[in-house]
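The values are calculated or read from the model by the stated rules, or taken from the named source; none is laboratory data. The structure presented is a predicted model; accordingly, all values stated were derived computationally and were not measured. Every residue, glycine among them, receives a Cβ derived from its backbone with ideal geometry; neighbour counts consider all protein chains shown. Quick note on the areas: whole protein, heavy atoms, side chains included, nothing else; ligands and nucleic acids left out. Shrake-Rupley method; radii C 1.70, N 1.55, O 1.52, S 1.80 Å.
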Amino acid sequence: MLYHIVTYGCQMNVHESEKISFILEEMGYTFTEKREEADVIVFNTCAIREGAEERVFGNVGALKRLKKLRPSLIIAVCGCMTQKEETAKVFKQKFPFVDIILGTFNLHKIGQYINEAKNKKVFELWQEGSLDEEKGYNRTSGQNAWVNIMQGCDNFCTYCIVPYVRGREKSRSVENILKEVKDIVKSGKYNKITLLGQNVNSYGKDLSPKVTFSELLKLITSIEGDFKVGFMTSHPKDITDQLINEIATNDKILKEIHLPAQSGNNRILKLMNRKYTREHYLEIISKIKAKIPNVKITSDFIVGFPTETESEFLDTLSLVEQVKYDGIFAFMYSPREGTVAAKMEGQIPLEIKRQRVNKLLALEKKIQKEAN
Ligand code: SAH
Ligand code: SF4
Ligand code: F3S
């Protein structure tokens, strides 16, 4: 029995595919590179931008032919797209040959659903659930091991779909995280551990007693062994002096911080509900650079947020110029149904978004060139 997984989206999804793979291999399936010969095909989807969704629709649509050739093929679609009612509906209506539709909260049930799907269609979307601690991971990222430390996001940036498809922030217990890290280190196969969460530095606020992210880092790095720890993504509003100090002084922590700014303009930051100003962000950057020599700082930016004027966009360029990042990701704003920003007036035409994203990327290229 053979399986194939196609993964879209962020590291969270990549890591969750490692769990799906573990579950399938436990059931006796073996991975195949070739979709055509698989008995089970899983699409782990992403809903962050329209482009991501279109790619998924196109690729799932193309499976119709395979299913016709081999009706016993089981096709499962999971992840952030199916967690949204509207897109789940599209899958049901447009792609009736899909056997299993499941969301982000019941992913660990995929094995059971595959067994059930031999006789009937399975559509099951849970709204919220506890974190699964039972299933392991079939790690696929070389000497790096991903470790999820939290689920969901409470920030509700007005452009973002993640809080709707991943639910509220839920931290994993310190005990479970430490146990997982110890097992990873003991296996001797990994020299890097990357902690994952939509907002890692707000870790532990929901635990009792409360634990801070820097305390968690301290505990993880006190585990004996030769390994380095990285983490993503950090939110500027939750960067504390304690955290900067911990990164600066702890040899086991990588000197790399992904700190998305999203925009360099205060009016846009406010509309985005990012909860910091340009000045506050720059202050954090100065502190980080002062305390952590040779630190690598990277960021994400969105251009063409509703009502963004040309001069407000120039503020983003000047921020990038000022910080001199080691790398950035630049995205054209993509309206996501159900989010606050999608309903805002003053949506920016695609052509202008394209011009802005190109300008931003060209600036980044110039800065990189100068740095080298
Ligand atoms: N939790 C992380 C990552 C979120 S998704 C964070 O807060 O940084 C990764 C990136 O996708 C975001 O940083 C943002 O730049 C981008 N993004 C999110 N929603 C978007 C949208 N609707 N349109 C365009 N880019 C978006
Ligand atoms: Fe989305 Fe904002 Fe949460 Fe990141 S912090 S996942 S951008 S809502
Ligand atoms: Fe995409 Fe979901 Fe990650 S929407 S970016 S896969 S959390």
Legend entry - Per-region count, region 183-213, residues of a type outside the set (Phe, Trp, Tyr), within 16 Å of ligand 2 (Cβ to nearest atom) and assigned to a loop (DSSP other than H, G, I, E, B): 5
Inset, instruction - Using the structure shown, decide if Val14 is closer than 27 Å to Gln151 by Cα, in contact with a helix residue (DSSP H, G or I) (Cβ under 7 Å, 6 or more places away or on another chain) and not hydroxyl-bearing (Ser, Thr, Tyr). - result: no
Legend entry - Residue check, Gly152 farther than 18 Å from Phe213 by Cβ and open to solvent by less than 20 Å² (accessible area, probe 1.4 Å): no
Inset, instruction - Would you be able to say whether some residue in region 260-276 is open to solvent by less than 70 Å² (accessible area, probe 1.4 Å) and within 16 Å of ligand 3 (Cβ to nearest atom)? - result: yes
Legend entry - region 111-147, subset in contact with a His (Cβ under 6 Å, 6 or more places away or on another chain) and of a type outside the set (Lys, Arg), residue farthest from ligand 1 (Cβ to nearest atom): Asp132
Inset, instruction - Name the one entry in Glu134, Glu180 that is more than 16 Å from ligand 2 (Cβ to nearest atom) and modelled with pLDDT under 95. - result: Glu134
Legend entry - Count - residues of region 245-259 that are closer than 10 Å to Ile288 by Cβ and either within 16 Å of ligand 1 (Cβ to nearest atom) or open to solvent by 10 Å² or more (accessible area, probe 1.4 Å) (or both): 4
Legend entry - Extreme residue, surrounded by the most Cβ atoms within 10 Å (Cβ to Cβ), among residues of region 1-35 that are among the hydrophobic types (A, V, I, L, M, F, W, C) and assigned to a loop (DSSP other than H, G, I, E, B): Cys10
Inset, instruction - For Leu319, work out the one condition from (1) away from ligand 2 (no atom under 16 Å from the Cβ); (2) in contact with a Phe, Trp or Tyr (Cβ under 8 Å, 6 or more places away or on another chain); (3) open to solvent by 70 Å² or more (accessible area, probe 1.4 Å) it doesn't fulfil. - result: (3)
Legend entry - Hits in region 169-215 - residues which are surrounded by 14 or more Cβ atoms within 10 Å (Cβ to Cβ) and without any contact (Cβ under 8 Å) to a residue 12 or more places away in the chain: Glu215
Legend entry - Counted residues, region 327-372 - those being surrounded by fewer than 16 Cβ atoms within 10 Å (Cβ to Cβ), of a type in the set (A, V, I, L, M) and under 16 Å from Thr309 (Cα atoms): 3
Legend entry - Test: Ile161 is among the hydrophobic types (A, V, I, L, M, F, W, C), modelled with pLDDT of 95 or more and in contact with a Ser or Thr (Cβ under 7 Å, 6 or more places away or on another chain): yes
Legend entry - Filter result (part of a helix (DSSP H, G or I) and either touching a strand residue (DSSP E or B) at 6+ places or on another chain (Cβ under 6 Å) or within 16 Å of ligand 3 (Cβ to nearest atom) (or both)) within region 159-179: Val162, Pro163, Tyr164, Val165, Arg166
Legend entry - helices (runs of 4 or more DSSP H) enclosed by region 61-144 - at least 3 residues per element that are surrounded by fewer than 20 Cβ atoms within 10 Å (Cβ to Cβ) and of a type outside the set (A, V, I, L, M, F, W, C): 64-69, 85-94, 110-116
Inset, instruction - Please enumerate the residues belonging to region 156-165 that are near ligand 2 (Cβ under 8 Å from one of its atoms) and open to solvent by 10 Å² or more (accessible area, probe 1.4 Å). - result: Phe156, Cys157, Tyr159, Cys160, Val162
